[in-house]
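S.K.: First the structure, which I've put down as structure tokens, then a few questions once you've had a look.
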Amino acid sequence: MKRYTPDEIKSVLEAHTKWLRNEEGGSRANLRGADLSEANLRGADLSEADLSGADLSEADLSGANLSRANLSRANLSRANLSGANLSGANLRGADLSEADLSGANLSRANLSRANLSGANLRGADLSEADLRGADLSEADLSGANLSGANLSRAYLRGAYLDGADLGGTDLRGAYLKIHCLEVFTGLYNYQCWAIVTDQGVPWVRMGCLWKSVEDWDAMGIRQSNEEEFPDDGSEKCERRVRAFEFTRCAALAQAEKFRIENPTQATA
């Protein structure tokens, strides 16, 4: 793994800037497998650069432009990416554990199977991001925008979702720390989530609607979205009802498991 000096990094960035501007003498930054640990890349423009497999652990990338960059399998653990632009970036299988991604733009980024455990994602934009199979355990997603994100098979145990935007759902003022979460697709038009909080409270998310099982039962699934799913006995309506009942049962089963394993902690 080649270790880049500050002067070498400067030369690569200058050539990359020329390449982005279609200027003579420019060349796309090829930092594949490079050792850039603890490097100062604050505010750098590495959009569309190849950083696959690079070691960027503890690097300062705050405010950097990494849009559409290839960062697959890169090591970004404990890196400072606050306010960085990672929209459309390929971060598949990347290690972002304990990284600071507060306020970062990760919209439409590929984060499938990425390690985001313990990461700071407060206020980050993860709209339409691919988070399938990602590890978000103990991550802080407070105030993050997750609308349209794909969280199938993602691991969110211990993750904070206070005030997060889950596609039209307002969680401001709610305390939500995830103990376990199951995501179901194909049951009806939208994703269904079965959630248990760290207090043992079961929640269900149906599309953009996110409520505790207690609140769902008080409202009734048939009356929860009559504009899009009128209670008219149609297959569309009944399919949603079946999807809810399946997800509700999954949430209650997980809550019961939590109660058995944590008899003095569970509140519901």
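S.K.: Towards the positive end of the charge dipole of the chain, with charges on Cβ (+1 Lys, Arg; -1 Asp, Glu), say which of CYS192, LEU116, SER72 has the farthest Cα.
M.R.: Going by the charge dipole, the pick is SER72.
S.K.: Moving on to the next point. Kindly express, to the nearest 10 degrees and within the range 0 to 90, the angle between helix 235-261's C-alpha long axis and the longest C-alpha principal axis of the chain.
M.R.: Roughly 80 degrees, rounded to the nearest 10.
S.K.: How do THR197, THR17, THR5 line up, fewest other C-beta atoms within 10 Å first?
M.R.: In order of increasing Cβ crowding within 10 Å: THR5, THR17, THR197.
S.K.: Is the shape of the range 77-134 rounded, prolate or oblate, going by the alpha carbon gyration tensor and its root eigenvalues a ≥ b ≥ c, with a/c under 1.5 for rounded and a/b larger than b/c for prolate?
M.R.: Since a/c reaches 1.5 but b/c is at least a/b, the shape of the range 77-134 is classed as oblate.
S.K.: Given the chain reduced to its alpha-carbon atoms as identical point scatterers, what log10 I(q)/I(0) does the Debye formula return at q = 0.13 Å⁻¹?
M.R.: At q = 0.13 Å⁻¹ the computed log10 ratios are -0.82.
S.K.: Place the peptides 213-220, 52-59, 124-131, 153-160 in order of packing, highest mean first, counting for every residue the other Cβ atoms within 10 Å and averaging per peptide.
M.R.: Packing proxy ranking, top to bottom: 124-131, 52-59, 153-160, 213-220.
S.K.: Run the reach check for LYS257 against aspartates and glutamates, Cα to Cα strictly under 16 Å, same-chain hits fewer than 8 apart removed. What comes back?
M.R.: Cross-link targets: GLU182, ASP198.
S.K.: With everything on Cα atoms, drop me the angle between helix 6-20 and the longest principal axis of the chain, reported from 0 to 90° to the nearest 10.
M.R.: Taking Cα atoms only, the helix is inclined about 70 degrees.
S.K.: Here's another thing I want to ask about it. Assigning unit charges at the beta carbon (Lys, Arg +1; Asp, Glu -1) and nothing else, what dipole magnitude in debye, to the nearest 20, does the chain show about its Cα centre?
M.R.: For this selection, approximately 520 debye.
S.K.: Among the aspartates and glutamates, which have Cα under 12 Å from the Cα of LYS2 when same-chain residues fewer than 8 positions away are ignored?
M.R.: ASP35, ASP55
No lab work stands behind these numbers, since they all come straight from the coordinates. Note that the structure is a prediction, hence the values are computed from the model and not measured. Because the Cβ atoms are built from the backbone with ideal geometry, glycine has one as well, and the counts that use them run over all protein chains shown.
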